[in-house]
Each structure stands twice: as C-alpha cells, then as structure tokens.
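Please treat every number below as a calculation from the coordinates, not as lab data. The shown structure was predicted, so the numbers you read here are calculated from the model rather than taken from an experiment. Positions of Cβ are backbone-derived with ideal geometry, glycine not excepted, and every protein chain shown enters the neighbour counts.
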Amino acid sequence: MSTSTSRKRKTKKTTMNKKRKIILAAILCVAVVLVSFLGFAVQQLTYNKVYDGVYINNVDISGLTKKQLATKIPEIFDKQLSRTITLKISSSEYTFESLSLVPALDIEAMTDKAFSYGRSEGLLGRFGEISSLKKNPVSVPFMLCFDEREIVELIGKATESLDITAVPNSIEYGENSLIITRGKAGYGVLFDEVKLAISDCILNDKTVANVEFKYIEPEEITYDYIKRHTSEKPVDASYTIENHRISYVESMPGVSLKKGDLEKAIKNSNSDVITVPAKIKQPSVSSEDLRKTVLADELGKFSTDYSSSSADRAFNIKLACEKINGYILQPGEEFSYNDVVGPRTAERGFRIANVYVGNTVQPGIGGGICQVSSTMYNAVIFADLEITERRNHTLPVSYVPMGRDATVSYGSTDFKFKNNTSNPVEIRAIAEGGINTIIILGTDEHPKREIKIVTSCTGTSSPKVVIEKSSELLEGEIKVESSGTNGSSYAAYKVVYENGVEISRSKLPNSTYRGKDRVEIHGTKKPDPVEPPQSDPEAPETESVAPPAPTANPETPAE
C-alpha cells in the first residue's frame, strides 16, 4: 500500500470522527435543552402556588399557596359589609340591613378563581397561558357568600305585593319513582340575580339593588335535565367550616332510572306531573336532620341601646358588628375580639368618637366598639361559654349594668372566650335601629337550664380632689368646676338554674370603677388696696353721739 493511500484513509477517518463528535455534541445539546425544558415544564405544570400576573385589588398575590391566600384575602378586603339596602323589584321596594343575610367573603371561590389562571387550558396550551399572564395581568374580583335561606326569605318579603306567576320545575322522590312537576311560564325574579345585585351594592358602595321582574320560562324536562338536578348516589347533608365560616352541602337521594323510561313517561303524561319508575336510595343524613343539630339553638342573647350615639360612634358599632357577624368557633377554639375586629384605624374605616382615657372622656379612633364587646360579654355569659379574658372600663358606662361591661383596646386589653361545648357555635352581631344585639347560636346541650347574672356593689370611694389655680378669681374664692363622682367596686356571679333550682353560682371577674375627680378652681388674685378716707379741713366739727344699746330679747336667737 502506498503512502498517499494510507494518508487518505487516515484523513477520511479523522473527518468521520470529527463528524461523529459534532453529531454527538449536537445530540447532547438537544438532550440538555430537552431535559431542561422538561424540568421547567414539570416545574411549571406542578406549581402549587398562584402564577405570576394574578392580582386582587391591585395587590400581587403570585407565589401564594391556597392556605396563604385564604389568610391574605381578608387583609386585602377594603369594603364594608354592613349597609342599608333597598331591594327594588318592579313597583315593590323593600329596605333591609345587609348583615341580616350574614354576608362574608367567599374565600373558597376567590381562591379557586385565582388558581384557575394558568390551569384552564390543555397541557400545551397552559404554557402560553402562563406566559400571557406576565404580559397581561388579571385581577380576581371580590366575591361574597350569604346565608341563602335568608335571601329566599328576603325575596318572599320583597315580592309580597307582586303577582308572581312563574313556577319552576320541581322534583320529588317517591319510594320507587321520581315525580317531576312541570313548571309554568310567568313573571318572577331569579335567585342568582338578587344575590348578584346585593353583592354589587356591598362591593360598589350602592344603596339600591335593582332586580328585573321578568318573564321566565321553565327548563324543558329532558334526560340531561334530570341528570343535572339529581345524583346517582345518595349525598348526605354535611357542613364544612373554613376561615371561621360555615358552608353546607344539602342532602340528595340517589336516583337510578332509564332514559327510555323517562321518555316514555313524558310521552304518556296527560298532565304537568310526570312519574318515572326509578330506584331511590335515601341519604343517611338529611338536610332537615342536620339543621336540627347544627347551630339550631339560641344559646345566649343580649341587646344594648346606642340610639343616642353620634353618627360616627354608631358607624363604629356597625363596623365592628360587620367584622364579627357569622364568625364560627369550633369546640375548644378561643375567640379574641381584637384579632377578629382588627386594628382600629382610619384606613380600615373606623371613625373618631368619644373613648375613655383613664378617668376622662376624650375623642379617639374607634370610639363605641366597647359597647359591642360589652354586649357580647353578657351574651356569652348567658350562653354558658368560658370567659378567658375580660376587664371593665375605668369609668362606669350607661349601656350595661355596673359590673357587666368589657372594655377593649387594640394591642393591650382584649375580650376573649372559649367554646367549651362539644359543637360549633356561631356569633350573630347585629346593629340596627339603634340597638346592638349579639346572639350565640349552637346546640343546646342543657335545654332545661337557665342562667342569670347577679351583681352587687362591694364598696365605694370618695372622688379625688384636684385643685387648680386661677388668677382670675380672688384669693379665698373657690369655684367648683366638677363635683366629681364616687368610685365603686362590684362583684358579679353567674347563677345557673335547672328545672327552676339553682345548681351552681360561679364568680365572674370583679369590676372596679374610678370616680370622676372633683375639680376646684382656687383664686390667687390679690384684692386691690383700699385707700383710707381723707378729712375735709373746711368741714364744721360735729359731736358724735353713740346710739342707744339694743335691748336683748331672750326668745329671739342672735343672728
């Protein structure tokens, strides 16, 4: 073999090795990119937090977990749930307090909405959706939930004067059949539209909820309709408590029917009632039974009057009630007034009204909310719940009896109590018509018991005398600026009766009230000097004659 041929073969081999290396390097680069992409893709698609570009009320919530978001949403919320609203339906108007519907932030719905962004498309579409959020941010609207039973009752009151002719379809469950009654077309209102109108008033500072009185046609009875409004398996009534709010799942029987049987029953029906053969399985727990056991009883209730309060003080009372209303305590949980109502600041809506500072009354932010804590203190005692922290005011208050008030001050003085029952309790806080009412709902574990509060004065003290100097009053002259009041001490007892017989008497926290100082103004002004009278040298001399001495009368006292 020639030298040139050998060289050519070596050159060819070297070239092939270089190509192989280039191809291997390219494959390696592609593999690295692919692995990196897959890693990024897996990271993005399994991300368990809110994606970038999602906001609530101009607040960035990206990077938050569901638990963190549930805590963050109430902090962002800057609206007031307490509002007087007029519901207008055609010619009918009905005015009500929004708190009667137990409004609350629908944190679950808002959280689900926030997490839906970047997760609604298919596998490949999600990358574009996630990328788009960074360029085109989205905002999750505030959403509210209500006690839907209260809305149904509200609609009934608001439409009493209207001729409601629309009748929705209804479904009843027989032993071995499904009984469907066709609705009737006519005029009426839709539940969801009323709910949205009320939410709009609260969230957008409106006072009138306009709802259309419209012509409504019932849905057509079809197999799909039955599928949407029934369940194949029985559903037990249940409830969940999240973020101290309760939500219910209504019970529903399980239904098994054949499409052909339904179509045949519809075809052969000569009336609005359609009876379809079906297998019906009842739930173990019905909604009716659940409602009888959960938050069904009034454990304690107390009311106080604030009708003479200033507008700002009344506003603070309503605002505090709004933050408390509907709050749920699980067994063993402790309620903190300061934690639930939160800081009393102008940024959070509180206004300036009179507050107690020591033994004086001064303007301060949040004045009036102690009336709510005092009202609650009494309701909690009547509910037989455990008081864990309470202090009285420094001065007596007029809205509750002596020894039965509870003062609060954010960051220092709190009112706390514990749910010492074996079931959840709910706090209803209402401020309406100048009356503040606190109701504790729960399960009455001792229906034959009655509770009374007994107080007695255990001592008094004279007011402190405060002396102030004044150069406007003469020396020795005293002006009483304030007569002051006595201080006092009170003992209070919770007395429990069962079947009319006293079974226990437990001591409640003592109360000691300062008296108002007696303020005296003492004069320091020196009297003007008096010059002696001067004699007239030209006046004629006169002889001074002493008057006769009076004769003493032994029967008349000397003055």
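Screening region 287-360 for strands (runs of 3 or more DSSP E) wholly inside it with 1 or more residues that are acidic (D, E) and touching a Gly at 6+ places or on another chain (Cβ under 8 Å) returns the ranges 297-305. Among residues of region 477-489 that are over 20 Å from R391 (Cβ atoms), those with a beta-carbon under 6 Å from a residue that is among the aliphatic types (A, V, I, L, M) and surrounded by 13 or more Cβ atoms within 10 Å (Cβ to Cβ) at least six positions away or on a different chain give the pairs K479/I521; E481/V519; E481/I521; S482/V519. Select from region 475-505 the residues that are among the small types (G, A, S) and surrounded by fewer than 12 Cβ atoms within 10 Å (Cβ to Cβ) and write down the one among them that is nearest to V361 (Cα to Cα). By that ranking, first place goes to S483.
A quick yes/no check of all residues on (1) in contact (Cβ under 8 Å) with a residue 60 or more places away in the chain; (2) buried (at least 18 other Cβ atoms within 10 Å of the Cβ); (3) within 26 Å of E108 (Cα to Cα):
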position: D224; (1), (2), (3): no, no, no
position: S238; (1), (2), (3): no, no, yes
position: M252; (1), (2), (3): no, yes, yes
position: G260; (1), (2), (3): no, no, no
position: E263; (1), (2), (3): no, no, no
position: P277; (1), (2), (3): yes, no, no
position: I280; (1), (2), (3): yes, no, no
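Out of I387, I381, one residue alone is in a strand (DSSP E or B) and not basic (K, R). It is I387. Considering (1) touching a strand residue (DSSP E or B) at 6+ places or on another chain (Cβ under 9 Å); (2) closer than 27 Å to E242 by Cβ, the lone condition that V361 does not fulfil carries the number (2). Exactly one residue among V397, V408 is closer than 23 Å to V357 by Cβ and surrounded by fewer than 21 Cβ atoms within 10 Å (Cβ to Cβ), and that residue is V397. Listed conditions (1) surrounded by 14 or more Cβ atoms within 10 Å (Cβ to Cβ); (2) on the phi < 0 side of the Ramachandran plot are all met by A311, apart from (1). Here is the figure for region 314-332: residues that are within 25 Å of T240 (Cβ to Cβ) and surrounded by 16 or more Cβ atoms within 10 Å (Cβ to Cβ) total 9. Checking S470 against (1) within 25 Å of S488 (Cβ to Cβ); (2) part of a strand (DSSP E or B); (3) of a type in the set (S, T, N, Q), which test does it fail? Unmet condition: (1).
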